[in-house]
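Have a look at the structure below, then the notes.
The values are calculated or read from the model by the stated rules, or taken from the named source; none is laboratory data. None of these values were measured; they are calculated from a predicted model. Cβ: placed from backbone, ideal geometry, glycine included. Neighbour counts: every protein chain shown.
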């Protein structure tokens with residue numbers, strides 16, 4: 001019959017061996033609170049003799065440090081959590097937190113009900129909050145108790161540092177590339193209008209087209225392949241002479257390619273197509289997709305470390321994007 005593994009010493013065992021109360025032993029082990037020098041010596045000796053190792057989660061809860069980092073994704077509906085971009089952020093955050101014995105929780109943050117942030121601020125188990133798709137309304141709702149423990153991937157505020165890709169610069173580079181290749185009737189599919197981070201590439205698109213003396217052709221999108229297909233149908237109906245499309249996400253660009261393929265329209269011969277994000281499927285599409293890089297994992301890692309370390313970071317950190325030239329444009 002196999003022998004049972006030795007029982008792990010508990011805080012109660014330490015207190016009993018040291019001849020002190022559990023609360024006194026807890027204060028000594030945690031390193032804060034009142035205890036006499038004699039009591040401290042006895043507790044330390046008992047803990048050493050018994051091989052006591054405090055539970056990291058219990059210590060975090062006792063000190064208020066928190067045991068989990070919450071990734072709060074803002075969106076109009078809970079299905080925003082299905083976005084592959086969210087998966088990439090959570091995976092990167094989980095790798096960082098695993099090295100710190102901190103858990104990761106994912107939850108939806110309704111756009112018009114950011115009161116959930118107050119509950120997270122009062123939860124002793126929460127180490128910090130990393131917000132995605134952040135809006136001005138949500139930033140205004142961040143309570144003082146979360147200052148130093150909240151960061152944003154997207155726009156930020158005085159008390160919430162932001163980490164994000166320079167998608168405005170990327171948008172400018174893509175549109176300038178399309179112009180340099182001889183395209184003149186360039187349409188753009190933007191992201192959801194409620195999402196502030198989508199405004200920068202739209203602004204860049206308008207500025208580049210205006211500087212070239214060309215009209216803008218803007219259609220709203222939703223960062224999904226289905227949304228890209230719908231937007232492309234609108235473009236073909238409204239501006240049939242379009243010779244290039246810049247979709248503000250690779251998912252939408254792949255939807256664009258699907259429509260053009262069904263219509264028998266040659267890419268890039270008749271219409272050039274460019275996306276943004278450089279997702280893995282971008283290099284596998286037919287034709288392969290010209291896009292711009294989006295260092296999601298690097299951004300998420302830096303944001304998570306800022307929360308866990310509670311160290312000072314600049315109010316805004318922008319990450320560069322690189323143009324990835326492939327067959328579609």
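Some observations on this one:
- 1 or more residues crowded, with 22+ Cβ neighbours inside 10 Å: qualifying strands (runs of 3 or more DSSP E) within region 144-221: 150-153, 162-165, 186-189
- From 122, 136, residue being touching a residue at least 12 places away in the same chain (Cβ under 8 Å) and farther than 22 Å from residue 311 by Cα: 136
- The one condition in (1) on the phi < 0 side of the Ramachandran plot; (2) in contact with a helix residue (DSSP H, G or I) (Cβ under 9 Å, 6 or more places away or on another chain); (3) loosely packed, with under 14 Cβ neighbours inside 10 Å that residue 92 fails to fulfil: (3)
- Residues in region 271-307 that are within 15 Å of the chain's Cα centre (by Cα) and in a helix (DSSP H, G or I): 296, 297, 298, 299, 300, 301, 302, 303, 304, 305, 306, 307.
- The listed residue being in the same structural domain as residue 195 (by TED's automatic domain parsing) and touching a strand residue (DSSP E or B) at 6+ places or on another chain (Cβ under 6 Å), out of 211, 274, 230: 274
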